[in-house]
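Participant: Shown below is the structure under consideration.
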Ligand code: PEP
């Protein structure tokens, strides 16, 4: 049975006091989770260190929402792997569709960031997903294939053991529209097949592939019960302790 990872992407929400309120709420509600379930919280950069100290001693892990592909230097406004690691991060979300859409991130850059994260012992949660126009144009498989091959290019078998993939159909993010469990399962199966072609089946079988896109307490159990869905990347519903904990508790 594969591990399950439920990650909360706080996006650009929560100042320091709201961060401590939410982390406290999660610590109370998620004091014990089954061993095969990993819970990751991904606050904004300004809250990472505070959340990192509050999470010490808890089973929840800390993640950042992005990082630079560079080690350090004159890159105003950027944040390095070392900075997020020193704040307590084990995970980093890379290539979120909002980074692709508003900040021009392409597969090649996301691949460079993934390589830097892996070389720095961070576990990248790498996002892929098609837009509504691409789905309606019947090219979902082609788009996902190009993205998966692009973002995972050159990663070794051992790199892959630390990689998490998040399938996030862009049309389902923050829109309240969720892919049906069957639609999500179909793409997850494709992603697993692509990983097996790039490496082998045993590796593909172990890779954690999360679904993201309007996951809520009332649809989580059905999505998570699909064969190839191994967790969730949650946006809106992770901003309240009750709803995020309910999604974690939906894992069977
Ligand atoms: C996300 O930001 O990764 C996401 C899936 O958002 P939402 O759950 O709000 O659709």
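Participant: Could you grab me the full set of residues in the range 209-251 that are under 15 Å from the mean Cα position of the chain (by Cα), within 11 Å of the ligand (Cβ to nearest atom) and over 12 Å from residue 6 (Cβ atoms)?
Facilitator: 213, 214, 235, 236
Participant: Something else: Taking the range 192-220, which residues are surrounded by fewer than 16 Cβ atoms within 10 Å (Cβ to Cβ) and within 23 Å of residue 171 (Cβ to Cβ)?
Facilitator: The answer is 193, 218.
Participant: So, one more: Would you call residue 93 at pLDDT 95 or above and either within 16 Å of the ligand (Cβ to nearest atom) or not in a helix (DSSP H, G or I) (or both)? Working first, answer last.
Facilitator: On the way: at pLDDT 95 or above: yes; either within 16 Å of the ligand (Cβ to nearest atom) or not in a helix (DSSP H, G or I) (or both): yes.
Against the criterion (at pLDDT 95 or above and either within 16 Å of the ligand (Cβ to nearest atom) or not in a helix (DSSP H, G or I) (or both)), residue 93 qualifies.
Participant: Also, I was wondering about something else. Let me spell it out: the conditions are (1) more than 16 Å from the ligand (Cβ to nearest atom); (2) over 16 Å from the mean Cα position of the chain (by Cα); (3) surrounded by 19 or more Cβ atoms within 10 Å (Cβ to Cβ), and residue 179 meets all of them except one. Which number is the exception?
Facilitator: (1)
Participant: If I go through the range 46-66 residue by residue, how many of them are over 19 Å from the mean Cα position of the chain (by Cα) and within 18 Å of residue 5 (Cβ to Cβ)?
Facilitator: So the answer is 1.
Participant: Can you confirm whether residue 158 is under 15 Å from the mean Cα position of the chain (by Cα), within 20 Å of residue 201 (Cβ to Cβ) and modelled with pLDDT of 95 or more? Let's see the steps before the verdict.
Facilitator: Values: under 15 Å from the mean Cα position of the chain (by Cα): no; within 20 Å of residue 201 (Cβ to Cβ): yes; modelled with pLDDT of 95 or more: yes.
No.
Participant: Considering each of 158, 162 in turn, give the residue that is under 20 Å from residue 91 (Cβ atoms) and out of contact with any strand residue (DSSP E or B) (no Cβ under 9 Å at 6 or more places or on another chain).
Facilitator: Working: 162 fails: out of contact with any strand residue (DSSP E or B) (no Cβ under 9 Å at 6 or more places or on another chain).
The match here is 158.
Participant: Return the residue satisfying two criteria in turn: it lies in the range 107-141 and is assigned to a loop (DSSP other than H, G, I, E, B) and within 17 Å of the chain's Cα centre (by Cα), and of such residues it is farthest from residue 178 (Cα to Cα).
Facilitator: Top of the filtered list is 121.
Participant: What is the one condition in (1) without any contact (Cβ under 8 Å) to a residue 24 or more places away in the chain; (2) more than 30 Å from residue 249 (Cα to Cα) that residue 155 does not satisfy?
Facilitator: (1)
Participant: Look at residue 104 and say whether it is without any contact (Cβ under 8 Å) to a residue 24 or more places away in the chain and either over 15 Å from residue 209 (Cα atoms) or in contact with a helix residue (DSSP H, G or I) (Cβ under 9 Å, 6 or more places away or on another chain) (or both). Spell out how you get there, then give the answer.
Facilitator: On the way: without any contact (Cβ under 8 Å) to a residue 24 or more places away in the chain: yes; either over 15 Å from residue 209 (Cα atoms) or in contact with a helix residue (DSSP H, G or I) (Cβ under 9 Å, 6 or more places away or on another chain) (or both): yes.
Yes; evaluated as a whole, the condition is true for this residue.
The values are calculated or read from the model by the stated rules, or taken from the named source; none is laboratory data. Because the structure is a prediction, the values reported are computed rather than measured. Here the Cβ is made from the backbone with ideal geometry for all residues, glycine too, and neighbour counts use every protein chain on show.
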